[in-house]
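The values are calculated or read from the model by the stated rules, or taken from the named source; none is laboratory data. Because the structure is a prediction, the values reported are computed rather than measured. Cβ placement follows ideal geometry from the backbone for every residue including glycine, while neighbour counts extend to all protein chains displayed. Keep in mind that these areas ignore ligands, DNA and RNA; they rest on the heavy atoms of the full protein, side chains included. Shrake-Rupley method; radii C 1.70, N 1.55, O 1.52, S 1.80 Å.
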Amino acid sequence: MKVSASLSNSSENPASVLTKVTVLGATGSIGLNTLDIIRQFPQKFQIEALSCRNSIEQLCEQIREFKPRLVCVNTSDQARELRESFRSGHSCPETEFVWGMEGLKQISRDPEVDLVMAAIVGAAGLEPTFSAVEAGKIVAVANKEPLVMAGELFVQTAKKTGAKLLPTDSEHNAIFQALHNESPERIARLILTASGGPFRDLPLDEFEQITLDEALNHPNWEMGRKITIDSATMMNKGLEIIEAHWLFNTPVEKIDVLMQRESIIHSMVEFIDGSFLAQMGLPDMRVPIAYCLGWPERLPLKIPRLDPVALNALHFEAIDEQRFPCLSLSLKAAKQGGGAPAVLNGANEKVVAAFLNEEIRFVDISKILASVMHVFDETLQQTKPDCFDIIPDFLLNILSLEDAVEADQWGREQAGEVLENLN
Ligand code: NAD
Ligand code: MG
């Protein structure tokens with residue numbers, strides 16, 4: 001099936017045709033929710049390809065259930081072992097096993113595939129998601145980091161190839177639903193909502209003692225570990241501002257963040273006539289995922305529903321930026337543009353991994369990132385000690401995937417240096 005890449009009200013009913021899907025990151029939180037929807041609609045969707053890096057046992061179960069034509073794993077050894085085991089077990093003799101970055105790109109651009117669910121975590125999703133865009137696919141973008149790193153490139157390439165970027169992140173999906181083809185000139189403001197995470201009410205003088213378990217204990221959402229930490233620091237909301245800027249062609253100055261502690265209003269659009277449109281529902285990623293899978297139709301989902309009477313009240317609060325320095329850092333990077341978002345994103349991945357390994361404290365995350373962005377500013381202004389003349393192009397502009405990868409690496413290296421000096 002090939003769905004028209006435009007948003008026009010097509011008379012054909014694409015949902016009645018089989019959509020062939022690649023799931024990048026099938027064993028993660030978004031990947032599993034995606035497969036849960038696909039399981040409910042076997043007449044509408046067919047899994048063509050799956051990928052994962054770890055969780056091979058879980059992947060094997062998925063292969064037996066969905067019988068994909070292609071599977072991508074991390075290493076050539078894993079691919080060989082799975083090939084042998086599935087051949088000898090006769091369960092899926094037709095499945096082809098590929099591996100590594102080339103394998104991920106192959107399953108993203110495969111000519112049989114209509115829709116790619118981009119659900120790898122972090123910068124690792126950059127190249128495979130971009131391959132899907134280059135190949136003109138419908139791309140459900142959950143994996144926000146590639147858009148943060150190289151948003152302009154994604155949007156411009158999608159325009160050229162006819163690829164459709166469907167916002168899967170709950171906030172962006174809410175805005176996508178609320179916008180419904182309104183042109184950017186009619187937007188007064190995009191308002192991203194935030195739960196505030198586990199530390200929204202913690203006294204500031206207790207932040208020094210925050211533990212890993214506390215940071216992983218999100219009040220409203222169950223997600224992968226990296227995004228859960230990003231939600232606790234609010235870096236996630238900062239990355240989402242940059243994501244929204246590119247997806248909705250809206251200046252950063254017109255994107256605000258509001259705390260909505262129940263996570264019922266997933267985001268809002270304020271239009272130039274004073275109307276606000278919001279999208280509501282229980283915090284369940286299957287809703288935005290299904291919206292992208294079924295788009296431009298809606299799928300009749302069997303999931304728990306919001307009961308507004310039981311809910312009783314919704315609360316809105318301004319964000320206390322002092323509490324969430326990562327939000328201020330990302331907002332600054334968003335306004336700086338060029339290589340700043342990719343540098344910050346790369347540094348953040350490095351630092352969050354260190355926190356998840358219990359090498360640093362929660363409060364160190366924002367401190368290290370502030371140091372990295374300080375070095376970034378000094379480098380651009382040529383005021384850094386030992387910094388002679390040449391500013392790398394990738395810090396100024398992201399014109400290619402290579403620039404995005406280099407800026408990401410630069411951010412990781414700077415963060416690595418600060419981390420070393422900390423220990
Ligand atoms: P996760 O950690 O639960 O899953 C990540 C998946 O990617 C796994 O299948 C893993 O095997 C695979 N993977 C990890 N590193 C890889 C690598 N280097 N190469 C190839 N594959 C790799 O993550 P998640 O929570 O599902 O999030 C996925 C993406 O979606 C993230 O970018 C996140 O910001 C975004 N997102 C997630 C949620 C959510 O509810 N989980 C909501 C909004 C946006
Ligand atoms: Mg989100």
Does the stretch 163-180 include one or more residues that are open to solvent by 20 Å² or more (accessible area, probe 1.4 Å), over 28 Å from Ser400 (Cβ atoms) and within 16 Å of ligand 2 (Cβ to nearest atom)? yes
Here the residues within the stretch 128-150 that are closer than 20 Å to Glu253 by Cα and within 16 Å of ligand 2 (Cβ to nearest atom) are Lys144, Leu147, Val148
Looking at Glu61, Glu65, Glu12, Glu96, which one is at pLDDT below 95 and among the acidic types (Asp, Glu)? Glu12
Residue check, Ile365 in contact (Cβ under 8 Å) with a residue 60 or more places away in the chain, part of a loop (DSSP other than H, G, I, E, B) and surrounded by 23 or more Cβ atoms within 10 Å (Cβ to Cβ): no
Checking Gln78, Gln62, Gln106 in turn, the sole residue that is touching a residue at least 24 places away in the same chain (Cβ under 8 Å) and more than 21 Å from the chain's Cα centre (by Cα) turns out to be Gln62
Among the residues of the stretch 27-71, count how many are assigned to a helix (DSSP H, G or I), within 13 Å of ligand 1 (Cβ to nearest atom) and open to solvent by 30 Å² or more (accessible area, probe 1.4 Å). 8
Does the stretch 184-191 contain any residue that is within 15 Å of ligand 1 (Cβ to nearest atom) and either open to solvent by 10 Å² or more (accessible area, probe 1.4 Å) or within 18 Å of the chain's Cα centre (by Cα) (or both)? no
Please give the number of the condition Glu208 fails out of (1) farther than 17 Å from Ser263 by Cα; (2) within 20 Å of the chain's Cα centre (by Cα). (2)
Scan the stretch 221-230 for residues that are more than 11 Å from ligand 2 (Cβ to nearest atom) and either part of a helix (DSSP H, G or I) or modelled with pLDDT of 95 or more (or both) and jot them down. Gly224, Arg225, Lys226, Thr228, Ile229
